[in-house]
Amino acid sequence: MTEKLKVLMDRALDVNFAAVDLDAITTAGDRAVRRRRLAVGGAGLATAVVVAGTALGLAAADGEDRAAVQPDPVVPEVTWVVGSTLHTPHAQHDLGHEARSLVRTSEGMVFADEAGAVYSFRDGDVEKIGAGAAVEQGLPVLVSDEESSLVGWVDRAGEKPTFVTHDVATGEQTRDDAHTDASMTGEWPPNVAWYLAIEDGTAYWLDRRGTVATDLETGEARILASPEESGWVSDVENGHIVRLVEDERGGDVGGEVVDTSGQVVVPVAEGVDLGTLSPDGHRVIDYDLLSALDVRTGERVRFDVGTSDAGAYEWLDADTVAVLREGAGGDTVDLLTCEVPAGTCAVVVEGLDGERVVIPSSGFLFG
């Protein structure tokens, strides 16, 4: 795998986030690296995108020939940005601002520029909705619930980090800094403030208390993990949570799926790096094997993308996954969709500029 694709996958599959040596992910000193891979989640690569959406590991597949991928049909919901232009397979829109982080909501897209200004894009209109979400080292900084109109970020422009939750449909915005302080500029609890996910009216973030689930309507909070415990959440969907597992020395073991009570649904396993959940919560992406794992039955669907240099970064619906693969020239990327349970894939767009493209839950892939 090329070094650029390693950087790409690190930034496009989660929080996932800056150029790193991915081989170091299995060592005990990689907490900051893994944190960057988790901050998408995704809910995202989350999500996110990066990708933020946004994931716990590097993707691999058993495909042998790029020609094995069928070019038709495409899924209209696949979305990407180059510069200030948002693209779908059938349209393009001028955003008026260069996007550095991008997420979906039920009301349209939300993006942040390099200065940290946050904008919504709804029905062709761009509106500034916030600030302070500056992108650092390509990290995606936005989270959203794709099935609602809520988006969140950490406003770092003030005296101390503030968790901002914005309703794109109503314009209502809440801010929470009751459990943060000015010293929270590090890379691991308790010295970092990070917005992890939004799901079904609940916000998941890291503050001085640890990993917290906050009911956005009542303000009631549950502490899911103390600052000393492994509390990184990469995705939350329909009663399932993907979280990081560490050993006693703080080294990364992998990911597991639990329910909201903390009961393990899919235990951590060697060589299995879990990331984004499907919208119904029934399947989870395994980045190591470029596949979807059924959390109820353990059944696995592998995606035939024609190369091992690829990674799934986003669920478009309960049966369709968006996949990023390295382009033929090494400096470009292709976007594909893959179907569950068939495992077949179709090319959406080829030859995107890897230095500038931004996908949901992501920052720049290479830049």
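Values in this text are rule-based calculations from the coordinates and carry no lab data. Bear in mind that the values here come from a model prediction, so they are computed numbers and not experimental data. Using ideal geometry, Cβ is built from the backbone for each residue, glycine included, and neighbour counts are taken over all protein chains shown.
The chymotrypsin sites (Phe, Trp or Tyr not before Pro) found in the stretch 167-234 include none that occupy coil by DSSP while having at most 13 further C-beta atoms within 10 Å. Take the alpha carbon atoms of the stretch 87-161, find their center, do the same for the stretch 265-289, and report the distance between the two centers in whole angstrom. With the stretch 87-161 and the stretch 265-289 each reduced to a Cα centre, they are spaced 26 Å. For the stretch 197-352, the share of alpha carbon pairs falling in successive 10 Å distance bins from zero is 11, 36, 31, 18, 4, 0 percent. Multiplying the residue separation of Thr344 and Glu248 by 0.36 nm and subtracting their alpha-carbon distance yields 30.5 nm.
Determine, from the Cβ-Cβ distance of Glu270 and Ser183 and an R0 of 41 Å, the FRET efficiency 1/(1 + (r/R0)^6), rounded to the nearest 0.05. Kindly include the intermediate steps, with their values, before the conclusion.
Values: r = 37 Å, r/R0 = 0.90.
The formula returns an efficiency of 0.65 here.
Using 0.36 nm per residue of separation minus the Cα-Cα distance, give me the extension gain between Ala115 and Thr297 in nm, one decimal.
Working: separation 182, 0.36 × 182 = 65.52 nm, distance 4.51 nm.
Length difference between fully extended and current span is 61.0 nm.
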